[in-house]
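**Q** Following this message is one structure expressed as structure tokens.
The values are calculated or read from the model by the stated rules, or taken from the named source; none is laboratory data. In this text, all values refer to a predicted model and were calculated from it rather than measured experimentally. Don't worry about glycine lacking a Cβ; one is built from the backbone with ideal geometry, like all the others, and counts go over all protein chains shown.
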Amino acid sequence: MSSTNSTQRPIVILGAGIIGLTTAVRILESPLYQEEKIPIHIIADHLPNDPLDPKYASTIAGAHHLSFADDEDVNQTKWDKRTFHVMYNEWKNEGEKTGLMVLKQTELFVKHNQHLKIYEDHPDFQVIEPDQLPKGIDHSVNFTSLTMTPFTYLNRLLDRISALSNGQVMIHRHHLPSLSSLSHPSITAMIGEIPPLAIVVCVGIGAITLGQVEDQTVFPTRGQVVKVKAPWIRSGFTRQVGELNGGEGGERTYVIPRPDGEVILGGTRELNDWYPYPREETTKDILKRVLEICPDLCPKYKIAPSALAPEQDIEKLHITEDNLPDSDTDPTSPLEELVIQTLVGFRPSRKGGIRLERGKDLVLGRDHGKQDKTIVVHNYGHGGAGWQSCWGTAEDAVEILIKSM
């Protein structure tokens, strides 16, 4: 891609995950770009089509719209609602080729009997009557929600960025050690000699080590998931044990189907755990837990013949926890042959939640003596909420940017 006007000060977006790319789209759609065609550069360690990397959580995420915004958290609620609205309209207009799948989502609660109020804003919301609750469940609701296929959705964002800019946005694979490195010759060779007009920091877990940011309130929340092929699953399930506590508290087991027939099974929430490889014992635990909330994951031919009445058609069999293969006599999970991949990702969590604000301006001096200030806007620290809040935070980041001009 070629650059736009080399005499203009560019906007630089750091990071090319779901946060960086949605922010880029909203900048391109804003009057700031539409009127002035400011050059835009995206600089990132990792891009959507690269091999999977735990530090690039966007492609490893389960990726469903399931808010954990506390009832009193006005900002998180706003961001999550806005993102659902944007994605739901995308699905309505273009269907599952977007990578989005609309489905019935069932939430199962253990050891508490309240749901988040934000769920009540979803279409088709209902509370399950106490006499209809599954065994061991204290409260349950269901509603219409969304899941996402990250690879598909991220690539559509790349295409959208190209279309909105007529191919003029430049994307660079480069590790930036610090914000001040933008004045280094290795970077000016890519973005030009003129100091950037603004930098939008969307680096996720990279905020820990990025110079002039070095946010020590950011930490990894390790998540391990199992990807299986189970195209007969078209509904989502989550079991929450304990309180969310206004974030990702408690233990969560989830089943997240995607339009292509893949299903993400999870999960774990391991704070400050940098181990990048799957743990076998965790995989076995996940495969056991998901069958407790979604027995239909088990292929019907795996049901023992003794579970069927002589005249019963296996195709009409309703699988329950009671007729699943006995895990005590057969330690092999009936789901093992469905497994495609086991994945590990580091959610970019942050004490205090998402950082979405204007930072301290930079002065990036050049040999020609110009000392123009560079605006810094931060948009990172989404933890496990990146996919469910991305459009909301992108729009607020752009609003901050425009007001800072």
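**Q** If TYR119 satisfies every condition in (1) part of a helix (DSSP H, G or I); (2) more than 17 Å from PHE237 (Cβ to Cβ); (3) in the same structural domain as ILE233 (by TED's automatic domain parsing); (4) not aliphatic (A, V, I, L, M) but one, which is the exception?
**A** So TYR119 meets the others, but not (2).
**Q** Further question: Considering only the stretch 147-160, I want to know if a residue exists there that is of a type outside the set (Val, Ile, Thr) and more than 26 Å from THR23 (Cα to Cα).
**A** No, that holds for no residue.
**Q** Considering each residue of the stretch 177-212, count those that are at pLDDT 95 or above and within 22 Å of GLU399 (Cα to Cα), and give that number.
**A** Matching residues across the stretch 177-212 total 11.
**Q** Further, regarding this structure: If you go through the stretch 359-374 one residue at a time, do you hit one that is within 27 Å of ASN272 (Cα to Cα), modelled with pLDDT of 95 or more and surrounded by fewer than 22 Cβ atoms within 10 Å (Cβ to Cβ)?
**A** Within the stretch 359-374, one or more residues are within 27 Å of ASN272 (Cα to Cα), modelled with pLDDT of 95 or more and surrounded by fewer than 22 Cβ atoms within 10 Å (Cβ to Cβ).
**Q** Going through THR221, THR253, THR238 one at a time, which residue ends up being touching an Asp or Glu at 6+ places or on another chain (Cβ under 6 Å), assigned to a strand (DSSP E or B), surrounded by 20 or more Cβ atoms within 10 Å (Cβ to Cβ) and not aliphatic (A, V, I, L, M)?
**A** Going through THR221, THR253, THR238 in turn, just one is touching an Asp or Glu at 6+ places or on another chain (Cβ under 6 Å), assigned to a strand (DSSP E or B), surrounded by 20 or more Cβ atoms within 10 Å (Cβ to Cβ) and not aliphatic (A, V, I, L, M): THR238.
**Q** Please state which of the following conditions GLU72 fails to meet, knowing it meets all the rest: (1) under 19 Å from ASN166 (Cα atoms); (2) at pLDDT below 95.
**A** Evaluating GLU72 over (1) under 19 Å from ASN166 (Cα atoms); (2) at pLDDT below 95 leaves (1) as the failure.
**Q** Taking the residues in the stretch 35-70 that are assigned to a helix (DSSP H, G or I) and under 17 Å from the mean Cα position of the chain (by Cα) as candidates, determine which candidate is surrounded by the most Cβ atoms within 10 Å (Cβ to Cβ).
**A** Checking each candidate, the answer is ALA57.
**Q** Within the stretch 99-107, is even one residue in contact (Cβ under 8 Å) with a residue 24 or more places away in the chain and within 16 Å of CYS390 (Cα to Cα)?
**A** Yes, the stretch 99-107 contains at least one residue that is in contact (Cβ under 8 Å) with a residue 24 or more places away in the chain and within 16 Å of CYS390 (Cα to Cα).
Residues are listed down the side, and each one gets a yes or a no for (1) of a type in the set (Ser, Thr, Tyr); (2) at pLDDT 95 or above; (3) closer than 30 Å to VAL241 by Cα:
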residue	(1), (2), (3)
PHE143	no, yes, yes
LEU154	no, yes, no
LEU158	no, yes, no
SER162	yes, yes, no
ASN166	no, yes, no
HIS175	no, yes, no
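**Q** Scan the stretch 332-353 residue by residue and report those that are more than 17 Å from ALA230 (Cβ to Cβ) and among the hydrophobic types (A, V, I, L, M, F, W, C).
**A** VAL344, PHE346
**Q** Could you grab me the full set of residues in the stretch 71-91 that are of a type in the set (A, V, I, L, M, F, W, C), surrounded by 20 or more Cβ atoms within 10 Å (Cβ to Cβ) and either in contact with a strand residue (DSSP E or B) (Cβ under 8 Å, 6 or more places away or on another chain) or under 15 Å from LEU146 (Cα atoms) (or both)?
**A** PHE84, MET87, listed by residue number.
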